[in-house]
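Participant: What follows is a structure written as structure tokens; I'll ask about it next.
The values are calculated or read from the model by the stated rules, or taken from the named source; none is laboratory data. A quick note: this is a predicted structure, and the numbers were derived from the prediction, not measured. Please note: Cβ atoms are built from the backbone with ideal geometry, for glycine as well, and neighbour counts cover all protein chains shown.
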Amino acid sequence: MPAFPALPAFPAFPDAARDAVRDDVLRANLRHATHTIRDKRARAVAELEDWDRLRAAGKAVKDHTLRHLDRYLLQLEEAVTAAGGTVHWAADADEANRIVTELVRATGEREVVKVKSMATQEIGLNEALEAAGIAAYETDLAELIVQLGHDRPSHILVPAIHRNRAEIRDIFRTEMGNWGRPAPDPLGDDPRDLAEAARLHLREKFLRAKVAVSGANFMVAETGTMVVFESEGNGRMCLTLPDTLISVVGIEKVVPTFRDLEIFLQTLPRSSTAERMNPYTTMWTGLGPSRGADGDGPSAFHLVLLDNGRTDTLADETGRQALRCIRCSACLNVCPVYERAGGHAYGSVYPGPIGAILSPQLRGTGSAIDASLPYASTLCGACYEVCPVAIDIPEVLVHLRERVAQGGPATRDGIRVRIRPAQRHTAERAAMRAARLLMDHPGALRAAERLLARARRLAPRRLPGAGRAWTDTRELPSLPAESFRDWWARERGNPQ
Amino acid sequence: MRVALFVTCVNDALYPRTGIAVVRLLERLGVDVDFPAGQSCCGQPQYNTGYRYETEPLLRRTAEAFAGHAYVVTPSGSCAAMIREHYPRIGRKAVGEGRGSELAALAEDLAPRVYELTEFLVDVLGVTDVGAYFPHTVTYHPSCHGLRGLGLGDRPRRLLAAVKGLDLVELPGAEECCGFGGTFAVKNPDVSTAMGADKIASAAATGAEVLCGADNSCLAHLDGLLRRADAPLRTLHLAEILAATEEEPLP
Ligand code: SF4
């Protein structure tokens with residue numbers, strides 16, 4: 001199975017975005033959701049006087065950890081092992097899926113419950129388990145909606161952000177019965193009714209499941225502690241009820257000490273859900289004295305450390321800052337492009353601005369979607385402004401555009417390679433070069449401007465080629481009779 | 001005081017009125033204006049589309065054109081941001097690739113001497129009332145590069161608020177990008193148009209007669225949408241409003 005199973009199905013961003021832009025319901029759903037959360041986030045952040053310092057501190061901790069990642073990962077492995085857990089290393093998606101599948105098989109179980117996790121989505125774990133005859137049940141409400149709807153997530157934090165209440169009710173009514181306890185009949189579309197239906201449906205699964213799969217928001221190297229932030233408490237059920245817990249976590253999630261969590265306990269909830277504190281923060285350290293057969297919690301804990309393109313990303317000086325990301329989704333909620341294009345257009349479990357810089361680094365810029373993602377932004381800078389770990393997303397976008405347009409060095413599978421410029425950019429490259437040559441010769445530029453001015457009455461309303469994309473919806477600026485340069489020469493003479 | 005005008009390629013070819021307005025305005029305020037003929041494009045379209053190597057000769061040309069001018073003034077937030085923020089970055093990258101220490105020096109030397117028009121007026125000349133007269137209702141769209149790239153803050157609004165006869169109305173969602181984004185406007189035309197349509201709808205809802213901005217590239221996109229929609233709102237560069245007086249109204 002390829003690292004990203006569904007990849008070939010994803011069209012380039014502009015094509016995928018076109019349908020979303022024309023879907024009025026989707027646009028209204030997205031606009032409402034993102035604007036509500038972005039205003040709340042701004043208020044929650046404004047409450048903290050030292051936000052800028054917290055942001056700088058988060059950035060510094062992450063940068064320091066990334067610089068010494070090898071050391072901290074070994075320390076983490078040691079701490080987790082000492083606490084009774086088992087650590088597995090997975091170089092890519094295939095390896096991670098194989099490890100998890102074998103671990104589940106070894107328990108003899110045919111089903112697992114899952115805490116919402118980006119890493120397991122990234123590797124397509126549910127599909128891999130299904131292929132091995134194991135059912136994986138998502139327990140996060142929004143993730144459940146996506147799963148029952150045979151859909152893909154479209155937001156990091158609110159995977160079903162593209163659905164409204166009526167759509168959710170219909171999904172629950174038609175699908176819940178196929179997976180377990182059916183939805184109550186009748187079912188209204190009040191959020192409380194929907195949450196209650198999900199609670200009843202999921203409770204059965206929690207009580208029955210012997211194996212749980214999770215991700216983690218942070219891993220503490222010093223103590224071997226895993227940390228999950230969540231809102232609903234379903235995650236805590238998964239983390240404490242089953243006998244076996246398997247956590248799949250990207251290697252960049254490690255922080256050095258327990259004290260470092262203090263920064264992110266403040267910045268993550270405010271950035272993501274606009275709450276001062278998220279309702280549930282669960283921390284577990286291997287199998288402590290209260291865990292195991294007669295205590296609370298699982299009797300076996302496995303940590304699968306996932307690389308899947310991360311060390312390649314780390315090798316890139318400009319691009320590596322994407323690994324600071326704490327997946328708060330603040331950048332999605334302020335992004336005007338995400339708001340119109342929707343999460344599916346990004347062709348990855350990481351949509352929005354962070355997806356536009358993370359996917360082409362984790363996966364390379366070879367496919368049509370990955371080569372188009374760095375251009376899926378106006379470089380307006382709103383994402384950089386809100387990012388709680390100060391990732392300069394516009395800077396990385398331009399850096400990756402360079403890689404697509406003119407090629408350059410990159411690391412793939414640990415090997416330094418020179419990426420060749422993308423084929424489909426040949427015409428653009430010629431145009432950029434021609435424009436540059438013209439701009440670099442003001443005499444020729446001036447002649448071209450005059451020619452343009454003289455031909456202004458012939459200027460067509462619609463342009464051919466790339467210009468059509470402009471004139472399909474917009475008028476062209478009307479051409480002036482004389483350029484500024486000529487005006488200056490006429491009015492002031494031209495001393496130079 | 002003597003300044004060099006960096007008119008930018010877009011203003012030179014498409015919006016000469018903006019350049020002329022800057023000259024009139026600065027001269028009215030007692031500033032001598034030079035127009036170094038060797039200038040052309042700052043290279044922003046190339047750089048932002050991923051053609052850094054194609055940008056380097058334009059960096060060199062721009063730096064050479066303005067060598068020796070203590071103040072370089074431009075009526076474009078995005079071109080000012082290009083020179084201030086990205087030129088030094090391009091220089092450093094070239095050095096990192098084992099060449100271009102001269103390029104880096106040129107970039108470092110030019111960057112701090114470049115001012116966007118409103119910065120120059122407010123910070124260097126120390127004026128907010130430039131003696132303009134413009135009896136119309138105006139709403140202001142702060143382009144992203146001016147707003148977030150340069151941190152222009154409320155300088156443009158303070159200048160507009162001081163114009164005699166001008167009624168400044170707030171633009172809802174002002175800080176949201178208009179969807180131009182250079183080559184984004186043609187690479188992602190559907191999203192670009194959707195963003196622009198929302199922007200002109202908010203602007204129209206203010207009841208203003210004029211949608212003002214400090215970057216003609218964004219205004220060209222919005223104006224193109226407004227004219228296609230036959231909307232009564234018109235776009236104007238801030239410099240043209242500031243240049244207008246009772247004796248010499250906008251042409
Ligand atoms: S890039 Fe920054 S704002 Fe976006 S999800 Fe990651 S941490 Fe949050």
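Participant: Between residues in region A:308-334 that are within 14 Å of chain B (Cβ to nearest Cβ) and residues that are more than 14 Å from the ligand (Cβ to nearest atom) and not hydrophobic (A, V, I, L, M, F, W, C), which pairs lie under 7 Å by C-beta distance while being six or more apart or on different chains?
Facilitator: Every condition considered, the pairs that remain are A:Asp316/A:Thr411; A:Thr318/A:His399; A:Gly319/A:His399.
Participant: Here's a follow-up. So, B:Thr118, is that one at pLDDT 95 or above and assigned to a strand (DSSP E or B) or not?
Facilitator: Details: at pLDDT 95 or above: yes; assigned to a strand (DSSP E or B): no.
Here the answer is no, as B:Thr118 does not meet what is asked.
Participant: Can you name every one of the helices (runs of 4 or more DSSP H) wholly within region A:306-401 that holds 1 or more residues which are small (Gly, Ala, Ser)?
Facilitator: A:330-334, A:336-341, A:352-362, A:368-372, A:382-386
Condition check ((1) touching a strand residue (DSSP E or B) at 6+ places or on another chain (Cβ under 8 Å); (2) over 23 Å from A:Ala390 (Cα atoms); (3) within 13 Å of the ligand (Cβ to nearest atom)) across all residues:
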residue: A:Val337; (1), (2), (3): no, no, no
residue: A:Gly343; (1), (2), (3): no, no, yes
residue: A:Pro353; (1), (2), (3): no, no, yes
residue: A:Ile357; (1), (2), (3): no, no, yes
residue: A:Pro360; (1), (2), (3): no, no, no
residue: A:Ser367; (1), (2), (3): no, yes, no
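Participant: With respect to the numbered conditions (1) more than 13 Å from the ligand (Cβ to nearest atom); (2) of a type outside the set (Asp, Glu); (3) in contact (Cβ under 8 Å) with a residue 60 or more places away in the chain, which one is the sole condition not fulfilled by A:Pro279?
Facilitator: Among (1) more than 13 Å from the ligand (Cβ to nearest atom); (2) of a type outside the set (Asp, Glu); (3) in contact (Cβ under 8 Å) with a residue 60 or more places away in the chain, A:Pro279 violates only (3).
Participant: Further question: Return the residue satisfying two criteria in turn: it lies in region A:6-45 and is outside any helix (DSSP H, G or I) and not aromatic (Phe, Trp, Tyr), and of such residues it is farthest from the other protein chains (Cβ to nearest Cβ). I'd like the intermediate steps shown before the answer.
Facilitator: Filtering region A:6-45 down to residues outside any helix (DSSP H, G or I) leaves A:6, A:10-12, A:23.
Subset that is not aromatic (Phe, Trp, Tyr): A:6, A:11-12, A:23.
On the way: A:Ala6: 22, A:Pro11: 13, A:Ala12: 10, A:Asp23: 11 Å.
Within region A:6-45, the match that is farthest from the other protein chains (Cβ to nearest Cβ) is A:Ala6.
Participant: With respect to B:Val3, is the statement that it is at the interface with another protein chain (Cβ under 9 Å from one of its Cβ atoms) and modelled with pLDDT of 95 or more true?
Facilitator: Answer is no for this residue.
Participant: On to the next question. Could you grab me the full set of residues in region A:317-333 that are more than 9 Å from the ligand (Cβ to nearest atom) and of a type in the set (Ser, Thr, Tyr)?
Facilitator: The one that is more than 9 Å from the ligand (Cβ to nearest atom) and of a type in the set (Ser, Thr, Tyr): A:Thr318.
Participant: Return the residues of region B:53-105 that are out of contact with any helix residue (DSSP H, G or I) (no Cβ under 6 Å at 6 or more places or on another chain), more than 12 Å from chain A (Cβ to nearest Cβ) and more than 26 Å from B:Leu117 (Cβ to Cβ); say none if nothing qualifies.
Facilitator: B:Gly98, B:Arg99, B:Glu102, B:Ala105
Participant: Name the residues in region A:369-391 that are within 15 Å of the ligand (Cβ to nearest atom), of a type in the set (A, V, I, L, M) and either farther than 21 Å from A:Thr34 by Cβ or away from chain B (no Cβ under 12 Å) (or both), would you?
Facilitator: The answer is A:Val389, A:Ala390, A:Ile391.
Participant: Out of curiosity, is B:Glu27 part of a helix (DSSP H, G or I), in contact with a helix residue (DSSP H, G or I) (Cβ under 8 Å, 6 or more places away or on another chain) and either surrounded by fewer than 24 Cβ atoms within 10 Å (Cβ to Cβ) or at the interface with chain A (Cβ under 7 Å from one of its Cβ atoms) (or both)?
Facilitator: no
Participant: Hey, another quick one. Counting just the residues of region A:277-322 that are modelled with pLDDT of 95 or more and among the basic types (Lys, Arg), which one comes out surrounded by the fewest Cβ atoms within 10 Å (Cβ to Cβ)?
Facilitator: A:Arg320
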